[in-house]
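Novice: Following this message is one structure expressed as C-alpha cells.
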C-alpha cells in the first residue's frame with residue numbers, strides 16, 4: 001500500500017441542491033419506510049438474515065456471522081447454489097416464459113432468452129464442463145465479448161460448483177495468461193472474435209498466444225460469434241472445441257450442486273497500484289444475499305422492468321448487476337455488445353427507445369462523453385420508458401449528475417449514485433429511491449446494514465478524511481487468491497479491524513457522504529490536501545467543459561501544483577482566454593488554493609477499459625517521467641498524444 005500523509009482532507013466544494021423522491025415513487029418503492037435504517041443498525045445480523053431468506057437454501061444456516069478480523073464467514077453451515085437462485089426457482093412461476101436476457105450485438109443481431117431458455121443452456125453447458133473434466137472447486141477462465149454465452153458460462157460454473165475467473169475481452173494475451181496461471185484454471189471459454197466500433201476483436205488469436213504458457217489449461221472452448229463474423233479460429237486437436245458442437249451433444253439435465261455458503265463462487269482480478277493483479281475472492285451465500293437485496297432496493301426492480309447495466313461482464317459491475325443481482329430477482333436484463341458511439345452517438349438512446357428500457361445504470365465517464373456530444377443526440381429518441389437512472393464507477397461530478405437527470409431523465413427519474421468496489425461485492429453507499437432526497441454528486445448514505453465512517457490517520461472521526469468500513473458486510477471479499485498476507489496488508493493494516501477502501505471522503509452537514517477520489521491521487525498543495533473530485537467538479541461546472549482530470553505536479557514552492565487536463569464540449573473554441581477563465585472559475589467556485597497552475601486542453605483522456613481515468617499516467621506526463629504500464633488502457637495512443645501536446649503547450 002502506498003504511503004499517504006495522514007492529515008485530514010480539505011472540504012472545498014459546496015452543493016446544496018436537494019431532490020426529494022417523487023410522491024408516486026415514494027408510495028410504490030420496494031423500500032419506502034425510512035425506519036429500515038434504524039432496524040438494520042439495531043441488529044445487523046437479523047437484518048441480513050431476513051434478506052438471505054429471500055433466496056432458496058438447500059440447508060439453512062447455523063450462525064449468521066463468524067467474525068475473526070479480518071476474516072468473516074456469513075451464513076455458516078448454510079447450503080445454496082447461485083445458479084439455482086438465478087434460474088430454477090423462477091421456473092415454477094409466470095417468470096418461466098419471461099425474458100431473462102434481451103441481447104443486441106453491435107451489428108444489430110438480436111437474441112432473447114427466457115428463464116426457461118437460459119436454464120436449459122446453462123444446464124447443458126454445465127454438462128459440457130463436466131465432460132471436459134471440470135469438478136467442484138476447479139477454476140474456469142472466461143474470455144468473451146458481451147454475448148449471452150458469457151452469462152451462460154458464468155452460471156454454468158456456479159451450477160456445478162466450479163469457480164469462474166472472467167477476464168475482460170479487451171485485455172491482452174499477457175494479461176490473460178497471468179490471470180489463468182494465478183488461478184490455475186483448467187478450462188478456458190472464449191470466442192472466435194467480437195465486435196467493437198465496427199472492427200473485429202480477434203479474441204482467439206490472443207488466446208492462442210496466451211495458452212502457450214498456461215500449463216493448467218486442458219481445454220479451450222470457442223464460441224462462434226456468428227452474424228457473418230469472418231475470423232479464422234485456429235484449432236489445436238484435443239485442446240480446442242467449438243462451443244456449438246459440444247452443446248449439441250450435451251444433456252439439459254444438470255442438477256445444481258449444493259454449495260456451502262462460504263464455498264468459492266468466483267475470482268475477479270483487479271489491478272494493484274504495484275505488483276501483479278489481485279485475485280479478489282468472493283464466496284456464495286453472503287455475496288448472493290447482498291447483490292440480490294441491493295439490486296432490489298437501489299434499482300427498485302419491478303416485474304415489468306427492462307433493466308440495462310452498461311458495464312461489461314468482465315468487471316465486477318457486470319458480475320453483480322448484470323448477472324447475479326438482477327437474475328436472482330427474476331428481472332429482464334438487456335445486454336449490448338458494442339460502444340455507445342457506434343455507428344452513431346445516439347446508439348444508447350436508440351436502444352432504450354427500441355427495447356423500452358426502464359432502468360439505466362452507467363458510468364460518469366460515459367455521462368461526461370454524452371455531455372461533450374451534446375443533448376441533440378438523446379433529443380432524437382423517445383426516452384419516456386426510463387423511470388430510474390444509476391451511476392457507478394467513480395464519483396460523479398454534480399454538473400454531470402444534473403445533465404444526466406435533465407437530458408436523459410427529463411426531470412422524471414431519480415438518480416442513484418452508487419459507491420462500491422470489486423472488493424465489496426455489492427453496493428455499499430447509495431440513495432434508496434423511495435426514501436432518500438438526493439444531492440448532485442453525493443452517494444448520500446450507507447445502505448441499511450452497512451456502516452461507513454470518515455476517519456483520520458489515527459482512526460478518529462473527522463468531517464473530511466479517509467473512507468472506512470468498520471463492520472463486516474455479507475458481500476465482502478474473503479481474501480486475495482493465494483496471498484492472504486497481501487489481503488491483510490492492503491485492506492486491514494491502516495486501522496485495527498477496520499476495512500480501508502483507499503478512497504478519500506467527506507461528510508456534509510446533512511450527514512451525506514461525498515467521495516473525493518483515490519487517496520493515491522490526492523493533491524497536496526501548500527499543505528492543503530485536496531481531493532481530485534472537487535477540483536474536477538469545479539471545472540466541469542463551467543458550461544464549456546465536458547470532462548476534466550487534475551493531478552499534482554512537483555513544485556518547489558507549493559510542494560505540488562495542480563495540472564488540469566480538460567476536454568471541452570463540441571463546438572467550443574479553445575483560446576488562452578478560456579484557459580484563464582477556467583482557472584478563475586475554479587478559484588471562484590472552491591477557493592484560490594485550488595486554482596490550476598497549468599491547463600491542457602485534450603481531445604480525450606486516458607481511461608481504463610472499465611472507464612476510470614488513469615491519473616497515474618497523467619502525473620507521469622505532467623512531470624515528464626517515463627510512462628508507466630499502459631496495457632489496461634482502452635486506447636494507449638491517447639497517452640502518447642497527450643504527452644506530445646503537454647510538452648509543447650505547457651503553460
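Novice: Measuring from label point to label point, each 7 Å out along Cα→Cβ, what is the residue 492 to residue 30 span in nm?
Specialist: 3.1 nm
Novice: Take the range 439-537, compute every pairwise Cα distance, and split them into 10 Å bins from 0; I just need the percent in each bin.
Specialist: Spelled out per bin, shortest first, that is 14, 44, 33, 9, 0.
Novice: Report the FRET efficiency, 1/(1 + (r/R0)^6), for residue 376 and residue 510, where r is their Cβ-Cβ distance and R0 is 41 Å, rounded to 0.05.
Specialist: 0.70
Novice: Set the Förster radius R0 to 41 Å, insert the Cβ-Cβ distance between residue 569 and residue 460 as r into 1/(1 + (r/R0)^6), and round the FRET efficiency to 0.05.
Specialist: 0.45
Novice: Given the Cα-Cα distance of residue 597 and residue 406 and 0.36 nm per residue of separation, how much length would full extension add, in nm?
Specialist: Computed gain between residue 597 and residue 406 is 65.5 nm.
Novice: Something else now. Quick one: 151, 135, 280, 298, fewest Cβ neighbours within 10 Å first, how do they rank?
Specialist: 135, 280, 298, 151
Novice: Quick one: order 219, 528, 319 by neighbouring beta-carbon count within 10 Å, fewest to most.
Specialist: Ordered from fewest to most neighbouring Cβ atoms within 10 Å, 219, 528, 319 come out as 528, 219, 319.
Novice: Same structure again: As an exercise, take the mean of 1/r over every pair of distinct alpha carbons in the chain, invert it, and state the Kirkwood radius in angstroms.
Specialist: Details: mean 1/r = 0.0396 Å⁻¹.
Mean inverse Cα-Cα distance, inverted, gives 25.2 Å.
Novice: Quick one: angle between helix 115-131 and the longest Cα principal axis of the chain, in degrees between 0 and 90, rounded to 10, please.
Specialist: Between helix and principal axis, roughly 70 degrees.
Novice: Over the range 23-505, calculate the relative contact order: mean separation of alpha carbon pairs under 8 Å at least 6 apart, over the residue count, as a percent.
Specialist: Taking the mean separation of contacting Cα pairs over the length of the range 23-505, I get 16 percent.
Novice: If each residue's Cβ is checked for other Cβ atoms within 10 Å, how do 224, 96, 478 rank with the fewest at the top?
Specialist: Ranked by crowding around the Cβ, least crowded first: 96, 224, 478.
Novice: At residue 15 and residue 584, where each label point lies 7 Å from the Cα along Cα→Cβ, what is the point-to-point distance in nanometres?
Specialist: 2.6 nm
Novice: A further question follows. Helix 364-373 against the longest principal axis of the chain: what's the angle in degrees, Cα atoms only, rounded to the nearest 10?
Specialist: The two axes meet at around 60 degrees.
Novice: Under the definition of Cα pairs under 8 Å and six or more residues apart, what whole-number percent is the relative contact order of the range 385-535?
Specialist: Result for the range 385-535 is 18 percent.
Novice: Taking every DSSP beta bridge that has both residues in the range 23-505, what percent is antiparallel when rounded to the nearest 5?
Specialist: 50 percent
Novice: So what is the 222 nm mean residue ellipticity for the chain from helices alone, if each DSSP H run of at least 4 adds -39500 (n - 2.57) and you divide by all residues, rounding to the nearest 500 deg cm²/dmol?
Specialist: Computed ellipticity for the chain at 222 nm equals -8000 deg cm²/dmol.
Novice: Right, next: How far is it, in nm, from the label point at residue 616 to the one at residue 556 when both lie 7 Å from their Cα along the line to the Cβ?
Specialist: Between residue 616 and residue 556, the simple spin-label model gives 3.1 nm.
Novice: Can you figure out the FRET efficiency of residue 244 with residue 623, using R₀ = 60 Å and their beta-carbon distance, to the nearest 0.05?
Specialist: So the FRET efficiency works out to roughly 0.70.
Novice: Quick check: the angle from helix 173-183's long axis to the longest principal axis of the chain, C-alpha only, nearest 10 degrees?
Specialist: 60 degrees
Novice: Here is a follow-up. Dividing the convex hull volume of the alpha carbon atoms of the range 384-520 by its residue count, what do you get in Å³ per residue?
Specialist: Working: hull volume 16.5 nm³, N = 137.
Measuring per residue, one finds 120 Å³ for the Cα hull of the range 384-520.
Novice: Along the principal axes of its C-alpha atoms, what lengths does the range 516-570 span, in descending order and rounded to whole Å?
Specialist: Per principal axis, max minus min of the Cα coordinates gives 36, 21, 14 Å.
Throughout, read-outs are computed from the coordinates displayed, never taken from laboratory work. Keep in mind that this is a model prediction, so the values were computed, not measured. Because the Cβ atoms are built from the backbone with ideal geometry, glycine has one as well, and the counts that use them run over all protein chains shown.
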